[in-house]
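**Student:** Please read through the structure below; I'll follow up with questions.
Values in this text are rule-based calculations from the coordinates and carry no lab data. Bear in mind the structure is a predicted one, so any value in this text is a computation, not a measurement. Using ideal geometry, Cβ is built from the backbone for each residue, glycine included, and neighbour counts are taken over all protein chains shown.
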Amino acid sequence: MKIAIIGTGYVGLPTGAGLAELGNEVVCVDKISEKIERLNNGELTLYEDGLEELFRKNVREGRLRFTLDMGSAVRGADVVMIAVGTPPHPQTKEADLQYIYAAAEELAGYLDGYTVVATKSTVPVGTGDEVEAIIKKRNPAADVDVISLPEFLREGFAIHDFFNPDRIVIGANSEKAKGVMLKLYAPFEGKTHFLAVNRKSSETIKYASNAFLAMKIHYINEMADFCEKSGADINEVAQGLGLDSRIGRKFLCPGPGYGGSCFPKDTNAMAQMGIKYGTHLKLIETTIAENDARKKKMAQRVVNAVDKTAKIAVWGLAFKGGTDDVRESPALQIVEEMANYSSNITVYDPKAVDNAKKILGSSVSYANDAYQAAENADILVILTEWDDFKKADLAKLKSKMRLHQIMDLRNILNEAEAKALGFAYSCVGK
Ligand code: UDX
């Protein structure tokens, strides 16, 4: 099939590369000329595990192209996917839909022949109706169906998730559009669940899923606080909880709070939608407030553990392991908060230093590797769950540090090993 994808971010690029790999002819459009130039020069504009290989292969084999020209991408396309950003509005925290509406307005002028316009971006309930109205107004003759096709790709695992989806949700009010989607995703038949629902249900499923996962993380963090007071061990508690198949093992890792470009934005947008429809979503509202407060508490925990002049080494700046993304990163927010108390912080992250520098500037020092960050440090604080950190050579780490104190806010190190080596080791939930 011929697919146009509008937006070359963390959703658009992996989706484009994945659909090209399935044999489709994919054209990705973006407004930012620098991005398109770099992509056309064979350079990826974001880091995503496994993307580079797919990108190169499909560009080489002619199934994946990049352009600034919306018309050339949309004309003749069977499916146009909108994958532009829906950032939170700075004041209202509602999803800002200006990029979605602008894309709808622009693409409408180029529709020819029957086309399915699918919204991949996470959009409030009812946005499909708006997109449809914009397209019909701009191009009354267009033969088009507007559907919701939510993405469930995790950053860092987007390619894995694309090829191994838990479910494919198709929010279509038209049988014809549903048929086109079933054809596009036919390679997944028998491998996943297909769920065809009405457009508003589909839009809600995306928010309800992310809000639920955010609440699950908040719940385990709250239990971790409880364990710290009660003498239980959150790692053991999480194991016991997760073995109940109704609860499930995933998303029960305690930490400094959730972050990223999705959970904070989507929980806020969902809470705003609740207010709009007059049905307060109190669980979600509490999750948001507690998750925000948690980062300050964690920063306080670190600064309380050391003298004002102590050197604080930080491992991890990305909002989670496996990505260079620092948007709404708890790690970054904790470092920013600690920097209010300390001018002696050295940070390291395997991938996110460049992005973090844009925000932290000269308020901290930057190390080239994990052990360099720890040189002469009085405390090491672990803020992101990178695999590299899990495999750290603790004896080498000890030889670098001045005082041997570790605050593992992701519970990723082997506590027994750290303690046996003489580290004063603390984590969350114990
Ligand atoms: C999320 C959803 O998982 C994905 O389905 C959606 O479509 C996009 O948003 P992503 O933002 O990439 O994906 O990250 P995710 O892996 O879900 O983690 C979000 C945050 O929660 C991170 O800060 C992570 O460190 C934190 N987290 C996750 C925990 O603190 N504990 C956990 O057990 C799991």
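**Student:** Which stretch or stretches of the range 196-222 have amide N atoms under 15 Å from the point lying 7 Å from Asp166's Cα along the Cα→Cβ direction?
**Tutor:** The answer is 205-218.
**Student:** Modelled label-to-label distance, Thr192 and Arg56, 7 Å Cα→beta-carbon offset: nm?
**Tutor:** According to this spin-label approximation, the distance is 2.6 nm.
**Student:** While we're here: Pull up the cross-link candidates among the lysines for Lys35, meaning alpha carbon to alpha carbon under 27 Å and not fewer than 8 places away within one chain.
**Tutor:** Result set, ordered by chain and number: Lys2, Lys57, Lys120, Lys265, Lys320, Lys351, Lys357, Lys358.
**Student:** In nanometres, what is the gap between the two model label sites at Ser230 and Asp354, each 7 Å from Cα along Cα-to-Cβ?
**Tutor:** Each label point is offset 7 Å from its Cα along the Cβ direction, giving 4.6 nm.
**Student:** Something else: Give, in nm to one decimal, the length gained when the segment between Glu130 and Lys391 is fully stretched (0.36 nm per residue of separation minus the Cα-Cα distance).
**Tutor:** Answer, rounded to one decimal: 89.0 nm.
**Student:** Using the Cα centre of the range 248-401 as the reference point, and only Cβ charges (+1 on K/R, -1 on D/E), how large is the resulting charge dipole? Debye, rounded to the nearest 20.
**Tutor:** Working: 22 positive and 19 negative charges, 66 e Å.
It works out to roughly 320 debye.
**Student:** Any idea how far the Cα center of the range 236-284 sits from the one of the range 153-205, in Å?
**Tutor:** 22
**Student:** Right, next: Could you check the simple spin-label distance between Ser343 and Ala416, using points 7 Å along Cα→Cβ, in nm with one decimal?
**Tutor:** 4.5
**Student:** What does the net charge come to around Thr192 if you take all other residues with beta carbon closer than 10 Å to its beta carbon, with K and R at +1 and D and E at -1?
**Tutor:** So the surrounding residues net to 0.
**Student:** Compute the helix-to-body angle for 51-60: its Cα long axis versus the longest principal axis of the chain, expressed 0 to 90° and rounded to tens.
**Tutor:** Relative to the chain, helix 51-60 is tipped by roughly 30 degrees.
**Student:** Considering the Cα positions of the chain, please state its Rg to one decimal place and its Dmax as a whole number of Å.
**Tutor:** Values for the chain (Cα only, Rg and Dmax): 23.2, 74 Å.
**Student:** Report, largest value first, the span of the C-alpha coordinates of the range 265-411 along each principal axis, in whole Å.
**Tutor:** On the principal axes, the range 265-411 reaches 58, 30, 28 Å in Cα extent.
**Student:** Assign unit charges at the C-beta atoms only (+1 for Lys and Arg, -1 for Asp and Glu), then state the dipole size of the range 1-124 relative to its Cα centre in Debye, rounded to the nearest 20.
**Tutor:** So the dipole magnitude of the range 1-124 works out to roughly 140 debye.
**Student:** Continuing with the same structure: Which residue, Leu195, Pro165, Ile147, has the largest displacement toward the positive end of the dipole of the range 136-195 when charges sit on each Cβ (Lys, Arg +1; Asp, Glu -1)?
**Tutor:** Of Leu195, Pro165, Ile147, it is Ile147.
**Student:** Sum up the charges of everything whose Cβ sits under 11 Å from the Cβ of Ala17, counting Lys and Arg as +1 and Asp and Glu as -1, but leave Ala17 out. If you can, show how the numbers build up before the last one.
**Tutor:** Numbers: positive: Arg56, Lys57, Arg63; negative: Glu21, Glu48, Glu52, Glu53.
Summing Lys and Arg as +1 and Asp and Glu as -1 gives -1.
**Student:** Which of the aspartates and glutamates could a cross-linker bridge to Lys398, judged by Cα under 16 Å and excluding same-chain residues fewer than eight apart?
**Tutor:** Asp369, Glu375, Asp378, Asp408, Glu415, Glu417
**Student:** Could you state the number of Å between the C-alpha centres of the range 67-145 and the range 340-385?
**Tutor:** What the calculation gives is 41 Å, centre to centre.
**Student:** Also, quick follow-up: Along the charge dipole of the chain, which of Ala224, Ala95, Gln333 sits closest to the positive end, that is, farthest toward it, with unit charges on the beta carbon of Lys, Arg, Asp and Glu (+1, +1, -1, -1)?
**Tutor:** Ala224
**Student:** Let me ask you something else. Once you have the alpha carbon radius of gyration of the range 14-94, what is it after dividing by 2.2 N^0.38 Å, with N set to its residue count?
**Tutor:** Rounded to two decimals, the normalised Rg is 1.19.
**Student:** Oh, and also: Highest mean first, how do 114-122, 390-398, 42-50, 177-185 rank when packing is the count of other Cβ atoms within 10 Å averaged over residues?
**Tutor:** 114-122, 177-185, 42-50, 390-398
**Student:** Determine the gain in length on full extension of the stretch Glu105-Ile247; use 0.36 nm per residue of separation and subtract their C-alpha separation, reporting nm with one decimal.
**Tutor:** 46.8 nm
**Student:** I've got another one for you. Once the piece of chain linking Glu37 and Ser363 is laid out straight, how much longer is it, given 0.36 nm per residue of separation minus the C-alpha distance between them?
**Tutor:** Values: separation 326, 0.36 × 326 = 117.36 nm, distance 3.30 nm.
Length gained between Glu37 and Ser363: 114.1 nm.
**Student:** Would you please put 106-113, 148-155 in order of how densely packed they are, using the mean number of other Cβ atoms within 10 angstrom per residue and starting with the highest?
**Tutor:** Numbers: 106-113: 18.1, 148-155: 22.1.
Descending mean neighbour count gives 148-155, 106-113.
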